[in-house]
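Peer 1: Once you've had a glance at the structure underneath, I'll fire off some questions.
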Amino acid sequence: MIRNILIFGAQGSGKGTQAELLAQTCGSMNISIGNIFRQEVYKKTPLGIEAKKFTDEGKLVPDDVVNEIVASRLKQKDIQEHGVVLEGYPRNIVQADALEKIISLTDVVVIDISDDEAVNRISKRLTCVCGKTYNTDYNASHVAGICDECGALLFIRDDDKPDAIKHRLETYHKETEPLFLMYEKKGILHRVNGEQKINEVYKAILKALNMETP
Ligand SMILES: [Zn+2]
C-alpha cells in the first residue's frame, strides 16, 4: 500500500529525523520543505534569493512560492510510485488546500512538545550548508562544529535564534495547529509524545500507524 504521510511538530520536535526514519521504513520519498529551500538558497537560485529575504527575518516564505515548489516536486514519478513522507508543509490552511489538490493523504502524525522544550532544543541546534542538522545534546557531529558528511563549518541558522524561534512558535500555534482538527475529522490524525528519546518517539509513530518495528 502506498502511503502519503504528513509529519507535524513545532520547531525542535525532531520531525525531520522522524520523517527520515519513516520514509526508510515505508520505502517512500522523504520530502523536507526546509531542506528544499535551504538547497535553493545555497545554490543562489532566484527562488532561493527570494526565500532568504524572508527567512533572514525569521519570517515564513509566502504561500504561493511554497505551493509552487511543493507541487512541482510532488508530481514527480518517484512519489506517485512510492509515496511520500512530507515534513514542514502545509503550514496553514491555504497550503493545506493546495496540497489536497495534489495528493491523497493516508496519515497525519503530530509530534507534540511544549514551547519550553522547543526553545531549549533549538538553541542547541547546528546546521550545515549541505542540509544536515545536528544537536549538541543528543546528535552532535564527531568533530565539534564540523559536518560529518561534507566537512563544512556548522552554523546557527538565523531562524534558530531566540527571537525568530518565538515568532515561529507563535505562528505554528496560530496557523498550523488549526489544521489538526481538519485531519482529525477525516480520521487520519495521530498524536505522539515528542518529549522522549528519538527511538521511543519513532516506536510510538509506528504503533500509531499500525506498522511493525523494523
Ligand atoms: Zn555538511
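Peer 1: Every residue in region 146-187 that is among the basic types (Lys, Arg) and closer than 19 Å to Tyr89 by Cβ, please.
Peer 2: Result: Arg157, Arg168, Lys174, Lys186.
Peer 1: Which of the following residues is within 24 Å of Ala208 (Cβ to Cβ) and in contact (Cβ under 8 Å) with a residue 24 or more places away in the chain: Val66, Val109?
Peer 2: Val109
Peer 1: May I ask you to list the residues in region 129-139 that are within 14 Å of the ligand (Cβ to nearest atom) and within 15 Å of Thr17 (Cβ to Cβ)?
Peer 2: Gly131, Lys132, Thr133, Tyr134, Asn139
Peer 1: Something else now. Here are Val119, Val143, Val70, Val129: which of them is modelled with pLDDT under 95, part of a loop (DSSP other than H, G, I, E, B) and not small (Gly, Ala, Ser)?
Peer 2: Val129
Peer 1: Quick check on region 140-158: of everything there that is more than 12 Å from the ligand (Cβ to nearest atom) and within 24 Å of Thr55 (Cα to Cα), which residue is nearest to the chain's Cα centre (by Cα)?
Peer 2: Here the answer is Arg157.
Peer 1: Of everything in region 1-44 that's crowded, with 22+ Cβ neighbours inside 10 Å and of a type in the set (D, E, K, R), which residue is nearest to Asn120 (Cα to Cα)?
Peer 2: The qualifying residue nearest to Asn120 (Cα to Cα) is Lys15.
The values are calculated or read from the model by the stated rules, or taken from the named source; none is laboratory data. Not measured: the values here are computed from a predicted model. Glycine also receives a Cβ, built like all others from the backbone with ideal geometry; neighbour counts cover every protein chain displayed.
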